[in-house]
Structures are given as structure tokens and as C-alpha cells.
Amino acid sequence: MESIAPDRDRPCADLAATETPEIARPTRAEAESAVRTLLLWAGDNPDREGLLDTPRRVVKAYEEYFCGYDENPADHLRRTFEEVAGYDDMVLVRGIAFDSHCEHHLAPIQGVAHVAYVPSGRIVGLSKLARVVELYARRLQVQEKLTAQVADALEDSLAPLGVAVQVEATHGCMSCRGVRKVGADTVTTVMRGQFRTDTRLERRFLDAAAQAGSPR
């Protein structure tokens, strides 16, 4: 039987508003002007042929990079299904590739996420787990926050018996600047409910996630 997750006291939209208070967005023209200013600051001429259309292209790319601000994770997790034939074990989608950007340097983050939950009577479409990862990745991020946000969204919408999220990623702010350590990857993990209290379940999740491979 298909069901719709009940409304919660604090919908994800409200949580997102707490994280990023409402601000007046600049116009597209103002955004393009800001890119032009950065090109000048970098030492190049935005009026030369190769850069004439760069401000427009950058703003268009930003619309794609950061489209997650316009989405609510609860919308992806609202539709659930109760016909599970008594299934009460871990559901794991591993190796969810994502691209994000570091909120400190706007440098790229590339990685994979492994997301699992133990249903409490109802399940969600598998693709929705990947959509929640993508939604949060399409915002300015730090990896620790991204990991926790995915876990929070699943807990809030599905009320599962347990949630586990592991993220493995490489960071441009480490490989392209500063310490410049190419190949170093970061692993963050969040365990909730049964994944925190049942060490065997936790180990099954970690072992299964490890088989998915490393960040791209």
C-alpha cells in the first residue's frame, strides 16, 4: 500500500531556512557584474574575446551547481510504500556519486555517498535516497554537514529504526591550493538508531560500503 509521510512539526523547508536565513538575491545582471569584477581582480581583461561571455556562463553554471537551495528533501521522501512483505532489515544504496563545492573556497568536492536505513513499516523509492544526496550536494558544503544533513532528512521524513550515512570525497581546497595533497580523501560517517546500538549492523554497513570503491 502506498502512503504519504505525515507532516512534521518542523518541515525541512523550515530547517533550511534556519541554516540559510532569507536574503535578497541579486539580479542576474548584478551576479554577472560580480563575475566581471573577479576577472578584473584576477588580472585579466573581461572585454577580450575569450572572456566576453564568461560572466553569463558562470552565472548559468552557478544555477546548476547550487540548484539544491531551491529544493526540499521532504518532497522527495514524502511518497512511501507499506507493502514490504515484512522486510525489516537494512536497505542500502551505495556508491552514490556526487559533485559539490566547498563553502570556504568554492573549490570542487567530488565523492560518493553510501546511505542505509532500517524501515519501520514503510519504505521509500531507492532513487529518492540518491536525490537527497544530490540535493544537499548542490549547496555550498562542508563534508561533515553534508553527511549529517542526509541522515537528518531520512530520520525526519521516514522515522526509520536506524540510519547510516558514509561519505568519501576528495576536496579541491586540499589538492589544488594550500597543502596541495593530491589523492587524499576524507571519510565521514553518521550512525543513528540501530546502526549506533547494534555493532553487528554497523559492521555490515561499513563492510558493504567499503566494497563500493573509493571516490572518483
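Placing unit charges on C-beta atoms (Lys and Arg positive, Asp and Glu negative, everything else neutral), compute the dipole magnitude of the chain about its Cα centre in debye, rounded to 20.
580
Carbon-plus-sulfur fraction of the accessible area of segment 177-216, 1.4 Å probe, in percent?
Its accessible area is 46 percent carbon and sulfur atoms.
When the helix-only estimate is applied to the chain (DSSP H runs of n ≥ 4, each -39,500 (n - 2.57), divided by the residue count), what is the mean residue ellipticity at 222 nm, nearest 500 deg cm²/dmol?
For the chain, the value works out to -12000 deg cm²/dmol.
Over the chain, with a Gaussian network built from C-alpha contacts below 10 Å, which listed residue (Gly43, Gly95, Gly86) shows the highest mean-square fluctuation?
Looking only at Gly43, Gly95, Gly86, the biggest GNM fluctuation is shown by Gly43.
Leaving out ligands and nucleic acids, and using a 1.4 Å probe, what accessible area per residue does segment 74-216 come to in Å²?
Spelled out: the 1.4 Å probe surface of segment 74-216, per residue, equals 47 Å².
Using a ≥ b ≥ c from the Cα gyration tensor of segment 138-216 (square roots of the eigenvalues), is it rounded, prolate or oblate, where a/c under 1.5 gives rounded and otherwise the larger of a/b and b/c decides, a/b for prolate?
oblate
What is the set of long-range amide H partners of Gly193 at a cut-off below 5 Å, with H atoms built 1.01 Å from backbone N?
Val163
Going by accessible area, probe 1.4 Å, with all protein chains left in place, what is the ranking of Leu126, Leu154, largest first?
So the residues, ranked largest to smallest area, are Leu126, Leu154.
Would you mind classifying segment 52-152 by shape? Square roots of the alpha carbon gyration tensor eigenvalues, ordered a ≥ b ≥ c; an a/c under 1.5 is rounded, otherwise it is prolate if a/b is larger than b/c and oblate if not.
Prolate shape, in that a/c is at least 1.5 and a/b is the bigger ratio.
Regarding the chain, what are the three Cα extents along the principal axes, ordered largest first, in Å?
65, 38, 25
Under 8 Å for C-alpha pairs, at least 6 residues apart: give me the relative contact order for segment 96-149, rounded to a whole percent.
45
Measure off, as a whole percent, the carbon and sulfur share of the 1.4 Å-probe accessible area of segment 76-164, all protein chains present.
50
Given the whole protein assembly as supplied and a 1.4 Å probe, what does the accessible area of Val187 come to in Å², nearest 10?
The accessible area comes out at roughly 80 Å².
Along segment 164-181, what does the Karplus equation 6.51 cos²θ - 1.76 cosθ + 1.60 (θ = phi - 60°) give for ³J(HN,Hα), rounded to whole Hz, x for Gly and Pro?
So the J values, rounded to whole Hz, are 9, 9, 10, 10, 10, 8, 10, 10, x, 5, 9, 8, 9, 8, x, 6, 6, 9.
Expressed as a rounded percentage, what relative contact order does the chain have, with Cα pairs under 8 Å and six or more residues apart?
With pairs under 8 Å counted, the relative contact order is 20 percent.
Based on the mean of other beta carbon atoms within 10 Å per residue, what is the order of 136-146, 60-70, 198-208, 163-173, most packed first?
163-173, 136-146, 198-208, 60-70
The values are calculated or read from the model by the stated rules, or taken from the named source; none is laboratory data. Just so we're clear, the structure is a prediction, and the values are computed from it rather than from any experiment. So basically every Cβ, Gly included, is an ideal-geometry build from the backbone, and we count neighbours across all protein chains shown. Note: accessible area is taken over every heavy atom of the protein model, side chains too, but ligands, DNA and RNA are not part of it. Shrake-Rupley method; radii C 1.70, N 1.55, O 1.52, S 1.80 Å.
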